[in-house]
Amino acid sequence: MKFDTKVVHSTLHNRSIKSKTTPIYQTSAFSFSSLEELEGFYEGKSPYLYTRSGNPNTDELGAMTAALEDAPAGVAAASGLGAILAGILAVTETGGHIVAAEDIYGGTYHLLNEELKTFGITISFADFSNPEEIENSITPETKLLYSESITNPFLRVEDIKGMVAIARKHGIRTMIDNTFATPYLLNPYKEGVDIVAHSATKYIGGHSDVTAGVTTGSEELMEKARNKVINLGLNLSPHEAWLTVRGCKTLSLRMKQQCRNAEKLAEALDGYDGVKKVYYPKTASEKGNGAIVTIELSEERDIHRFFTGLDWVKIVPTLAGVETTVSYPQGTSHRALSEEARSKIGVNARVVRISVGIEDEEDIIKAFRDAVDSSK
Ligand SMILES: *Cc1c(COP(=O)(O)O)cnc(C)c1O
């Protein structure tokens, strides 16, 4: 072989190395040594052809999340929104109507309210804490009820059983974004929900170093979701999938510590001078109530001084990492909502969302009490 040939063919040919962890298949496509072998892909004998249509690392993340949700299948996507879009389109296909909870994540609200028009899908938003309002929003075109297991930022725990009962009565499907609860706390698929989606950017990945999503459900629906991921180009990169799987291995450990810290912080801020209200669920799951605590400062406190008074806690417009961080819903996640939509769900200039990390609980409590004190 001449150099110009060698330089491109001297990669490792031994593919049977038994590495302890899954290698990263950082490849855009897979190779074949005969036309028979290529034909074998189309006959289902080999699983991979081209990474946009399937890759061992993205499949590993889909399968891992499905296993954690006790769902038959899972499909990874480039982001939580990508996974949500793939899940929704798997159900709606050629259009239809969706009834969604009005207090969902801001990005999803925008996806549903604006972008889904392109696909001929119409939306109604309803107060999902009121079953009558859900039922009254259902039309003959309705195909899906959409909500989140624990909502953002006020942490309302969805009545999943009630939602599934309404959907079954009307012969329609249900979809839950389980990002805040994680499969550690809740498994909506086991409660009869058809599609359970995650922003794996959050707790599944857990380290704030990837943007990824996963949608899970029946083989039939996930086959459709997979086709949406392939054909709309919503696929996740192998390296991001690998990082997400690595992060997910410590999901239980992280959630245990983060839920405990969050509970202690919620207790410590409840009734604290300068804190008007603490939002923290009480009955989300037997294993805990999640790791997000939302607070509203009293009217006379200064929100700017509160944020600058936070010592080591950074302002970060995401959640779920191992570090405790704060975000400002009005300025970030709920910015896209109209003033009216925001005030209807209670987001105002004094609302702060805290993503509680794995640090020592006393340090976390001190940081927030000091910041509240400094907001005088
Ligand atoms: C972050 C988030 C999303 C969107 O996920 P991306 O990975 O940013 O696309 C959807 N739902 C919830 C509840 C989220 O927190």
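The values are calculated or read from the model by the stated rules, or taken from the named source; none is laboratory data. Predicted model, so just to flag it, every value in this text is computed and none were measured. Counting neighbours? That spans all protein chains shown, and the Cβs are built from the backbone with ideal geometry, glycine included. Areas reflect the complete protein model, heavy atoms only, side chains present, ligands, DNA and RNA absent. Shrake-Rupley method; radii C 1.70, N 1.55, O 1.52, S 1.80 Å.
For SER218 and GLU323 in the same chain, what is the full-extension length gain: residue separation times 0.36 nm, less their Cα-Cα distance, in nm?
On the way: separation 105, 0.36 × 105 = 37.80 nm, distance 3.45 nm.
Here the segment from SER218 to GLU323 would lengthen by 34.3 nm.
Strictly greater than 36 Å: what percent of every Cα pair in the chain meets that?
Values: 19359 of 70500 pairs.
Roughly 27 percent, once rounded to a whole number.
Length gain on complete extension for the stretch TYR48 to LYS117, per 0.36 nm per residue less the alpha carbon to alpha carbon distance? Intermediate values should be presented prior to the final figure.
Details: separation 69, 0.36 × 69 = 24.84 nm, distance 3.35 nm.
So the extension gain works out to 21.5 nm.
Give me the lysines in straight-line cross-link reach of LYS20: C-alpha distance below 18 Å, same-chain residues under 8 apart excluded.
LYS249
Ignoring ligands, DNA and RNA, what accessible area per residue does the chain give at 1.4 Å, in Å²?
On the way: 17690 Å² over 376 residues.
Here the residues of the chain average 47 Å² of exposed surface.
Hey, any idea what % of segment 252-374's accessible area is carbon plus sulfur with a 1.4 Å probe?
Details: 2830 of 5890 Å².
Carbon and sulfur: 48 percent of the exposed surface of segment 252-374.
Quick one: which of 190-199, 326-335, 21-30 comes out on top by average Cβ neighbours within 10 Å, and what's the full order, highest first?
Details: 190-199: 24.9, 326-335: 19.2, 21-30: 13.4.
So the order, starting with the most tightly packed, is 190-199, 326-335, 21-30.
Among LYS117/LYS202; LYS224/LYS287; LYS256/LYS282; LYS202/LYS287; LYS202/LYS264; LYS256/LYS276, which pairs are too far apart, with a Cα-Cα distance over 23 Å? Walk me through the numbers on the way to the answer.
Working: LYS117/LYS202 27 Å; LYS224/LYS287 33 Å; LYS256/LYS282 16 Å; LYS202/LYS287 19 Å; LYS202/LYS264 21 Å; LYS256/LYS276 28 Å.
Cα-Cα > 23 Å for LYS117/LYS202; LYS224/LYS287; LYS256/LYS276; rest within.
How big, on average over all directions, is the shadow cast by the Cα convex hull of segment 1-157, in nm²?
Values: hull surface 58.4 nm².
That works out to 14.6 nm².
With the crude spin-label approximation of a point 7 Å out along Cα→Cβ, what separation in nm comes out for SER343 versus SER10?
In this crude spin-label approximation the distance works out to 7.0 nm.
Using modelled backbone amide H atoms (1.01 Å from N, in-plane), which distant-in-sequence or interchain residues come within less than 5 Å of THR174's amide H?
Those qualifying (amide H under 5 Å, at least 5 residues apart or on another chain) are LEU145, ASP194, ILE195.
Please report, to one decimal in angstroms, the Kirkwood hydrodynamic radius of segment 73-204 built from all distinct Cα-Cα pairs. Intermediate values should be presented prior to the final figure.
Values: mean 1/r = 0.0690 Å⁻¹.
So the Kirkwood estimate lands at 14.5 Å.
Express as a percent, rounded to the nearest 5, the fraction of DSSP beta bridges in the chain (both residues included) that run antiparallel.
Numbers: 25 of 45 bridges.
Around 55 percent of the beta bridges assigned by DSSP in the chain are antiparallel ones.
Expressed in whole Å with the largest first, what are the equivalent ellipsoid semi-axes of segment 251-336 derived from the C-alpha gyration tensor as the square root of 5 times each eigenvalue? All intermediate terms of the calculation are to be shown ahead of the outcome.
Numbers: eigenvalues 100, 52, 31 Å².
Equivalent-ellipsoid dimensions as semi-axes: 22, 16, 13 Å.
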